[in-house]
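The values are calculated or read from the model by the stated rules, or taken from the named source; none is laboratory data. For clarity, every value in this text was computed on a predicted model and none was experimentally measured. Methodologically, a virtual Cβ is constructed for each residue, glycine included, from the backbone with ideal geometry; neighbour enumeration extends over all protein chains shown. For accessibility, only protein heavy atoms count, side chains too; no ligands or nucleic acids. Shrake-Rupley method; radii C 1.70, N 1.55, O 1.52, S 1.80 Å.
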Amino acid sequence: MNRLLSIGSEFPQFKKQAVVSLEKGKEFAELVNDFKNEDNRWTVMFWWPKDFTFVCPTEIAEFNKAFDEFRDRDTTLIGASTDSEFVHLAWRHDHEDLRGLQFPMLADTSKSLAEELGILEANERVAYRATFIIDPDNVIRFVSVNDLNVGRNVEEVIRVLDGLQTDELCPCNWKKGEATLTV
């Protein structure tokens, strides 16, 4: 049984390989959890089950289309799965929508981070479609987990990030620029 890390938990420490480029000799980099930071940056880490599948690239491409929106919100975007960095690289080369990614594709081949987060599917031991919003103090402020066959809504992730960054009370369906609640 999974025990999902949830709101208020510190995001786990990790050191993992990631695909960061398609440029020969610059494809890979080591990512280390340095989410606790002085420059007030947030982090959105989203997970998908498997590379070379059908729903996953639709989500990854949508996050990439919204990359500037995350950057404008002082937010680092990281994609992740339990596939290796070599599979990530091959998939990026193979899939037109993934060639121009502006964020790293983290490889959790040991599945240790996905397991610590509580997002491993029991039978295939692949990650569920999980999304974490992590504040500048490395505290998880939002978690959403979808089953394997249902893609997530990137606009909703941005809406929640906007609400969290106001540090105010945001009503149902609130959007950035609208009034927040006063008590």
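Of all residues in the stretch 5-25, those being over 14 Å from Leu101 (Cα atoms) and not polar (S, T, N, Q) number 11. Considering the stretch 137-148, the residues that are at negative phi and in a loop (DSSP other than H, G, I, E, B) include one that is least open to solvent (accessible area, probe 1.4 Å), namely Leu148. Please determine, by comparing only the residues of the stretch 86-111 that are of a type in the set (Gly, Ala, Ser) and open to solvent by 10 Å² or more (accessible area, probe 1.4 Å), which one is farthest from Asn64 (Cα to Cα). Looking at the filtered set, the residue picked out is Ser110. Looking at the stretch 149-183, which of the residues that are of a type in the set (A, V, I, L, M, F, W, C) and surrounded by fewer than 17 Cβ atoms within 10 Å (Cβ to Cβ) is farthest from Leu120 (Cα to Cα)? Checking each candidate, the answer is Val183.
Among the residues of the stretch 46-82, those that are under 18 Å from Arg129 (Cβ atoms) and in a loop (DSSP other than H, G, I, E, B) comprise Trp48, Pro49, Lys50, Asp51, Phe52, Thr53, Phe54, Val55, Ala66, Thr82. Selection of the stretch 103-130 for residues being assigned to a loop (DSSP other than H, G, I, E, B), over 8 Å from Thr82 (Cβ atoms) and over 13 Å from the mean Cα position of the chain (by Cα) yields Ser110, Gly118, Glu121, Ala122, Asn123, Glu124. Filtering the stretch 112-136 to residues that are polar (S, T, N, Q) and crowded, with 16+ Cβ neighbours inside 10 Å leaves only Thr131. Exactly one residue among Gly163, Gly118 is at positive phi and not hydrophobic (A, V, I, L, M, F, W, C), and that residue is Gly118. Considering only residues that are out of contact with any Pro (no Cβ under 9 Å at 6 or more places or on another chain), part of a loop (DSSP other than H, G, I, E, B) and surrounded by fewer than 10 Cβ atoms within 10 Å (Cβ to Cβ), which ones fall in the stretch 1-45? Hits for the stretch 1-45 are Met1, Arg3, Gly8, Glu23, Lys24, Gly25, Lys26. Scanning the stretch 134-177 for residues that are farther than 22 Å from Asn40 by Cα, among the small types (Gly, Ala, Ser) and out of contact with any strand residue (DSSP E or B) (no Cβ under 6 Å at 6 or more places or on another chain) turns up just one, Gly151. In the stretch 85-92 there is no residue that is assigned to a loop (DSSP other than H, G, I, E, B) and within 21 Å of Val55 (Cβ to Cβ).
Taking the criterion of being touching a strand residue (DSSP E or B) at 6+ places or on another chain (Cβ under 6 Å) and open to solvent by 20 Å² or more (accessible area, probe 1.4 Å), the residues of the stretch 75-85 that qualify are Thr76, Ser84, Glu85.
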